[in-house]
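To start, the structure itself, in structure tokens.
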Amino acid sequence: MSRIGRMPIAIPAGVTVTIAENNKVTVKGPKGTLERELPAEMEIKEEDGHLVVTRPNDLKRMKSLHGLTRTLLNNMVVGVTNGYEKVLEINGVGYRASKQGKKLTLNLGYSHPVEMVDPEGLETVLEGQNKITVKGIDKEKVGQYAADIRDKRRSEPYKGKGIKYADETIRRKVGKTGKK
């Protein structure tokens, strides 16, 4: 039995979960509403303040979908109550970020500034000129947008210049040495 799939999901106060046909789940909470169509084979039930996911049989596909479905549901519940955030750091001389309205402008050593517009439902917050926080209720979208920002100039291993996640460590390399 899937250890993750078996665990019930507690529904906090102020959160409503609606399960329509075809496993279309809508989760409403204090931070907003999330909607997602989960695998139709899984059975999702609400039992006394908990969500329980059960699988029909023990085929390999069903076993893998079991844990996935439960985790996706849990991410939706956590998203509408607490929300998600990813913190990015910019390192390098002259590398900086600025924000105007919904537009994030990154100066990353290119001949032009890189401009990005916050997607629907996401928000970027700047702390100083080199710390970007991406906030939102959808874990997938927050992670994807943070990855898109990081891809504009990834940290390189020699000087550590570029954009990295706050909890990421860059493996440093030793540069060239001169001839003897």
Over the range 89-157, what is the mean sequence separation of C-alpha contacts under 8 Å (at least six apart), divided by residue count, expressed as relative contact order in percent?
24 percent
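In percent, what relative contact order does the range 1-118 have, based on Cα pairs under 8 Å that are 6 or more apart in sequence?
Here the relative contact order equals 22 percent.
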Computed label-point distance, nm, for sites residue 3 and residue 110 using a 7 Å Cα→Cβ extension
4.4 nm
For the chain, take the longest principal axis of its alpha carbons; what is the angle in degrees between that and the long axis of helix 60-81, to the nearest 10 within 0 to 90?
70 degrees
Taking the Cα centre of the range 1-97 as the origin and placing charges on Cβ (Lys, Arg +1; Asp, Glu -1), which of 90, 11, 80 is farthest toward the positive end of the dipole?
90
Looking only at 159, 60, 141, which one moves most when the chain is put into a Gaussian network model with springs between Cα atoms under 10 Å?
60
Dipole magnitude of the range 1-84, debye to nearest 20 (Cβ charges: Lys/Arg +1, Asp/Glu -1, about Cα centre):
340 debye
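Explain nothing, just the number: dipole magnitude of the chain about its Cα centre with +1 on each Lys and Arg Cβ and -1 on each Asp and Glu Cβ, in debye rounded to the nearest 20.
With Lys and Arg at +1 and Asp and Glu at -1, about 1540 debye.
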Simple spin-label estimate for residue 165/residue 82, 7 Å along Cα→Cβ, in nm, reads 1.6 nm
Would you work out the relative contact order for the range 59-120, in percent, from Cα pairs under 8 angstrom that are 6 or more residues apart?
17 percent
Which of 56, 12, 113 ends up with the largest GNM mean-square fluctuation for the chain, with Cα atoms connected below 10 Å?
56
Find the accessible area per residue for the range 73-180; the probe is 1.4 Å, ligands and nucleic acids are left out, and the unit is Å².
63 Å²
Would you tally the net charge around residue 114, using a Cβ to Cβ cut-off of less than 9 Å, leaving residue 114 out, and scoring K and R as +1, D and E as -1?
+1
How large is log10 I(q)/I(0) at q = 0.14, 0.17, 0.21, 0.25 Å⁻¹ when the Debye formula is applied to the Cα atoms of the range 63-161, each weighted equally and without solvent?
-0.59, -0.78, -1.03, -1.32
Among 110, 165, 95, whose mean-square fluctuation peaks in a Gaussian network model of the chain (Cα, cutoff 10 Å)?
110
Where a label projected 7 Å from the Cα of residue 120 along Cα→Cβ would reach, residues of the range 133-148 with amide N under 17 Å:
136-142, 145
What is the dipole size for the range 79-180, taken about its Cα centre, with +1 at each Lys and Arg Cβ and -1 at each Asp and Glu Cβ, in debye to the nearest 20?
980 debye
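The values are calculated or read from the model by the stated rules, or taken from the named source; none is laboratory data. Note that the coordinates shown come from a computational prediction; the quantities given were computed from them, not determined experimentally. Heads up, the Cβs are rebuilt from the backbone with ideal geometry, glycines too, and the neighbour counts pull from every protein chain shown. Please note that ligands, DNA and RNA were not included when accessible areas were found on the heavy atoms of the full protein model with its side chains. Shrake-Rupley method; radii C 1.70, N 1.55, O 1.52, S 1.80 Å.
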